[in-house]
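Worksheet: the structure to be examined is printed underneath.
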Amino acid sequence: MFYKNARIFGSDFRFHTGAFEVKDGLFGAVLPGEVPADAIDLKGATVIPGLIEVHSHGNSGADFSDGDYEGLKAMARFYASCGVTSFAPASMTLPYEVLAKAFATGKKLKEEAPEGCARIMGIQMEGPYFSYKKRGAQNPDYLKEPDFEGFKALYEGCGGLVRIVDIAPELPGAAEFVEKAKELCTVSIAHTDSDYDHAKAAIDAGVTHLTHLYNAMPGINHRNPGVIPAAVENKNVRAEIICDGLHIHPAAVRMAFSMFGGARMIIVSDSGRCAGQPDGTTFELGGQMATLTDGVARLADGTIACSATNMYQCLLNCISWGIPEEDVIRACTYNPACALGAQDKVGSIETGKLADFVICNADYSNRRVFIGGVEI
């Protein structure tokens, strides 16, 4: 099946007017010279790769860490309805046995791949190797020092589905953990009070990712630069950023894109089970209670927790804040695919990749979502 007269976000991260083919669930020819007469006319509609969410705990009343398969399926359906065609749910700081159960549900979803659901392309293991001081909404009862053998057992237990593991680089043994874990998956800095030197040592050891930039890490100080400048200096490090407009001011989002460039930014929602739920909802998050008030989820002590947004809304926000459209789309598609090591399968409209895409108006309204070439 061919689609013609489309404004297509190409693999060069630019928009082109032309046609593309979907065949057996994959992209066939893209921007061909000739197209069949019976090609579907999109009449100038915008076509982008399906969004890829690498940091979301839940939605629709469900949380990945629950370890509930039906809840995970509900999450995956919600993601798909929002234009997210691939995702890597994030766990919380919890006991290993709780994480193992959650990871097993992720493995089951990958194996069964139910229709109408976003594809699970990985897991982000957010915790428990974090700083107490910068724990944020992570449960302090379950914080641990880096434990590669414990991590490896969880990794192997879910068939290697963990694609990102988070760590605070100032903890004892952090650099050694990074050197081993980088052979298995992406290693990220998160929930840290690290100074510049510890952050640089971890990056030199193999860290290539920052989890929710600005949040749960020291701010930039000209005499004590900390994590963020250490990451900016190394071109191999990408940075996630929450773009709900509440966790981070739009000016700071624009600054992040200026510092890291469009090739290194990853837009995330960091949503919790409160996403898609009404204001006033009280819910459990990693063994602690939180309440959604005026669009912001907070613990009882006022600590800001997860978001209540979705990734497509984050995309719209970033464009409205003046970030270049091409950089925003790349940060929602190809860059997160790279963080998961899945860029050969998803993240761009290229021949042979999975035909996951969104058709919408030029202003990104009226979206239609396709997974494996089938509209959901």
Within region 183-217, residues touching a residue at least 12 places away in the same chain (Cβ under 8 Å) and more than 20 Å from Met265 (Cα to Cα) come out as Leu184, Asp193, Ser194, Asp195, Tyr196, His198, Ala201, Ala205
Please indicate, with yes or no, whether at least one residue in region 349-366 is of a type in the set (A, V, I, L, M), in a loop (DSSP other than H, G, I, E, B) and surrounded by 19 or more Cβ atoms within 10 Å (Cβ to Cβ).
yes
Per the filter on region 69-100, residues closer than 15 Å to Tyr312 by Cα and in a loop (DSSP other than H, G, I, E, B) are Cys82, Gly83
Residue hits (region 319-344; over 24 Å from Ala251 (Cα atoms), surrounded by fewer than 18 Cβ atoms within 10 Å (Cβ to Cβ) and touching a residue at least 12 places away in the same chain (Cβ under 8 Å)) are Gly341
For Ala137, state whether it is part of a helix (DSSP H, G or I), among the small types (Gly, Ala, Ser) and assigned by TED's automatic domain parsing to the domain that holds Gln313. no
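The values are calculated or read from the model by the stated rules, or taken from the named source; none is laboratory data. If you're wondering where the values come from, they're calculated on a predicted model, not measured in any experiment. Glycine gets a Cβ as well: all are built from the backbone with ideal geometry, and neighbour counts include every protein chain shown.
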